[in-house]
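Participant: Take this structure first; my questions come after.
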């Protein structure tokens, strides 16, 4: 689906939108509910966070064990024919059913019990699929085999990695026996044969996910809503991608960022650092594959940590001095522009998360390439002018994304309530705000309208800010059970009256500011 011109949309993680029938976490089937709500609100873009498969025990979507696979936790179990045919919920024990009801009733996403229950359901479904479809050579079996052939370019390594990982009791690949750790041909061939059933299970799960996702995307597009994903900058060291391309990563250094607005000491993400020389020697094959995969899944996507694709910040694990790679500005520009052209050529639209400590030359490069960067209202100021006044949203560049915040920031209302009085005065003085408020009384809706009125072709509003909620998605540089667990306060298939009021307001603004 291709959209052009002025548009607006909503940022909401898929995990945040469970319905009455899903299992305590928003799933692929719930996309139809949230996109229907958006379409009625005059919104044409749904931006979600990454859906890449996470390791058991993880809940950050930016910490994945595959850059290609959809996390099985997002499968709509009730829509899997094999699970239904095997008896559905009747096969669960009373204790399992009680666990599911607790997860559904919880105020936040309960990853551990949900993952365990879906794993059990998928095992039951797979057993039935092999017995009743594969062995009989049915049309569904033929569809599965076509999927294996079409997606073998990523699926083969992924499924084998996950099969070995399970066989090794989820130990990281760095702790496997030498032959498998080094991917020696004989060891890989032996594992492929001995773990064939587990490999097929992992392939089956991804076939289900691909099928459901294709149906959900088609429904969203038919409603006039484009699905935008998120391309994480990196995956975990313990991932199928790093295991199968070990020579393309610095495993003795850790990815991070220097000190910025989120942390005075910077951040250490614990992930490997790109070996850009090895990547270039392979013509950036893995990043081209990721581009291809994202275009298979999304109409567009956000490039996470954009600056890292120009210059990557690494911290040696031995504690020696951090470094940027590449080292020089000219090399950084050349690398970044090469990669942006690769992402742009994949068939999906891209937008770039150019926030944090970002050199001026990076944003200048994006402008040359015509790639939209983000304009976060609270940070768009004339920083070198006296008083550092805010930039009026109508002065944002057209090729940009106007927004009130991200999944990593305080919500808009928390920011506004804690802003300095001098900042509040400057916001009230903006010409756009004076036109919107008339009496100068800035509130939630006037802040949202200012972004809808901006010159940016795309206005993207976090769902918390649309409703004026204070709950945040994530607090950077922290590990917390509350991070990445936010849920809507009502089922996505039964929005309350307040949701209908917000829906009507969004449609009015979209019409008023030429975004329909």
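Each value in this text was obtained by applying a stated rule to the coordinates, not by laboratory testing. Fair warning: this is a prediction, and the values are worked out from it, not measured in the lab. Here the Cβ is made from the backbone with ideal geometry for all residues, glycine too, and neighbour counts use every protein chain on show.
Participant: Do the conditions hold for residue 342, that is, is it part of a helix (DSSP H, G or I), under 22 Å from residue 51 (Cβ atoms) and touching a helix residue (DSSP H, G or I) at 6+ places or on another chain (Cβ under 8 Å)?
Facilitator: Considered against the rule, which asks whether it is part of a helix (DSSP H, G or I), under 22 Å from residue 51 (Cβ atoms) and touching a helix residue (DSSP H, G or I) at 6+ places or on another chain (Cβ under 8 Å), residue 342 comes out as yes.
Participant: Cβ contacts < 9 Å: first residue at negative phi and without any contact (Cβ under 8 Å) to a residue 12 or more places away in the chain, restricted to region 308-335; second residue assigned to a helix (DSSP H, G or I) and surrounded by 14 or more Cβ atoms within 10 Å (Cβ to Cβ), any location; separation 6+ or different chain. Result?
Facilitator: 331/276
Participant: Out of (1) more than 30 Å from residue 100 (Cβ to Cβ); (2) assigned to a helix (DSSP H, G or I); (3) without any contact (Cβ under 8 Å) to a residue 24 or more places away in the chain, what's the single condition that is false for residue 137?
Facilitator: Going through (1) more than 30 Å from residue 100 (Cβ to Cβ); (2) assigned to a helix (DSSP H, G or I); (3) without any contact (Cβ under 8 Å) to a residue 24 or more places away in the chain one by one, residue 137 breaks only (2).
Participant: Hey, could you check region 183-210 for residues that are part of a loop (DSSP other than H, G, I, E, B) and touching a residue at least 24 places away in the same chain (Cβ under 8 Å) and say which is farthest from residue 120 (Cα to Cα)?
Facilitator: Top of the filtered list is 183.
Participant: Here are 56, 64: which of them is buried (at least 24 other Cβ atoms within 10 Å of the Cβ) and part of a loop (DSSP other than H, G, I, E, B)? Don't jump to the end; show me each part of the working.
Facilitator: Values: 56 fails: buried (at least 24 other Cβ atoms within 10 Å of the Cβ).
Being buried (at least 24 other Cβ atoms within 10 Å of the Cβ) and part of a loop (DSSP other than H, G, I, E, B) holds for just one of 56, 64, which is 64.
Participant: Given the condition free of Cβ contacts under 8 Å to residues at least 60 places away in the same chain, touching a strand residue (DSSP E or B) at 6+ places or on another chain (Cβ under 7 Å) and within 20 Å of residue 374 (Cβ to Cβ), answer yes or no: does some residue in region 452-469 qualify?
Facilitator: no
Participant: Kindly provide the set of residues from region 337-355 that are in contact with a strand residue (DSSP E or B) (Cβ under 7 Å, 6 or more places away or on another chain) and buried (at least 19 other Cβ atoms within 10 Å of the Cβ), ordered by number.
Facilitator: Within region 337-355, 343, 348, 349, 350, 351, 352, 353, 354, 355 meet the criteria.
Participant: If I go through region 395-428 residue by residue, how many of them are touching a residue at least 12 places away in the same chain (Cβ under 8 Å), in a helix (DSSP H, G or I) and either more than 24 Å from the chain's Cα centre (by Cα) or surrounded by 18 or more Cβ atoms within 10 Å (Cβ to Cβ) (or both)?
Facilitator: Residues meeting the conditions: 11.
Participant: Please specify each residue of region 15-52 satisfying the condition of being out of contact with any strand residue (DSSP E or B) (no Cβ under 9 Å at 6 or more places or on another chain), in a helix (DSSP H, G or I) and within 24 Å of residue 207 (Cα to Cα).
Facilitator: 15, 16, 29, 30, 32, 33
Participant: Let me ask something else. Has region 222-233 got any residue that is surrounded by fewer than 18 Cβ atoms within 10 Å (Cβ to Cβ), within 20 Å of residue 27 (Cβ to Cβ) and over 16 Å from the mean Cα position of the chain (by Cα)? Spell out the reasoning first.
Facilitator: Let us first name the residues in region 222-233 that are surrounded by fewer than 18 Cβ atoms within 10 Å (Cβ to Cβ), namely 222-224.
Then keep just the ones that are within 20 Å of residue 27 (Cβ to Cβ); that gives 222-223.
Then drop every residue that is not over 16 Å from the mean Cα position of the chain (by Cα), which leaves 222-223.
Yes, region 222-233 contains at least one residue that is surrounded by fewer than 18 Cβ atoms within 10 Å (Cβ to Cβ), within 20 Å of residue 27 (Cβ to Cβ) and over 16 Å from the mean Cα position of the chain (by Cα).
Participant: Based on this model, can you work out whether residue 469 counts as more than 25 Å from the chain's Cα centre (by Cα) and either surrounded by 14 or more Cβ atoms within 10 Å (Cβ to Cβ) or in a loop (DSSP other than H, G, I, E, B) (or both)?
Facilitator: Considered against the rule, which asks whether it is more than 25 Å from the chain's Cα centre (by Cα) and either surrounded by 14 or more Cβ atoms within 10 Å (Cβ to Cβ) or in a loop (DSSP other than H, G, I, E, B) (or both), residue 469 comes out as no.
Participant: Right, something else. If a residue has to be in a loop (DSSP other than H, G, I, E, B) and either surrounded by 15 or more Cβ atoms within 10 Å (Cβ to Cβ) or in contact (Cβ under 8 Å) with a residue 60 or more places away in the chain (or both) to count, how many in region 67-97 make the cut?
Facilitator: Result for region 67-97: 9.
Participant: Can you tell me which residue in region 327-336 is surrounded by the fewest Cβ atoms within 10 Å (Cβ to Cβ), limited to those that are closer than 20 Å to residue 234 by Cβ and within 26 Å of the chain's Cα centre (by Cα)? Outline the logic, then answer.
Facilitator: Pass one, region 327-336, residues closer than 20 Å to residue 234 by Cβ: 327, 331-332, 335-336.
So of that shortlist, the ones also within 26 Å of the chain's Cα centre (by Cα) come out as 332, 335-336.
On the way: 332: 23, 335: 21, 336: 23.
Among those that are closer than 20 Å to residue 234 by Cβ and within 26 Å of the chain's Cα centre (by Cα), it is 335.
Participant: Looking at region 429-451, which of the residues that are free of Cβ contacts under 8 Å to residues at least 60 places away in the same chain, assigned to a helix (DSSP H, G or I) and touching a helix residue (DSSP H, G or I) at 6+ places or on another chain (Cβ under 7 Å) is surrounded by the most Cβ atoms within 10 Å (Cβ to Cβ)?
Facilitator: 433
Participant: So which residues in region 492-516 are touching a residue at least 60 places away in the same chain (Cβ under 8 Å), in a loop (DSSP other than H, G, I, E, B) and exposed (fewer than 13 other Cβ atoms within 10 Å of the Cβ), if there are any at all?
Facilitator: Result: 494, 514.
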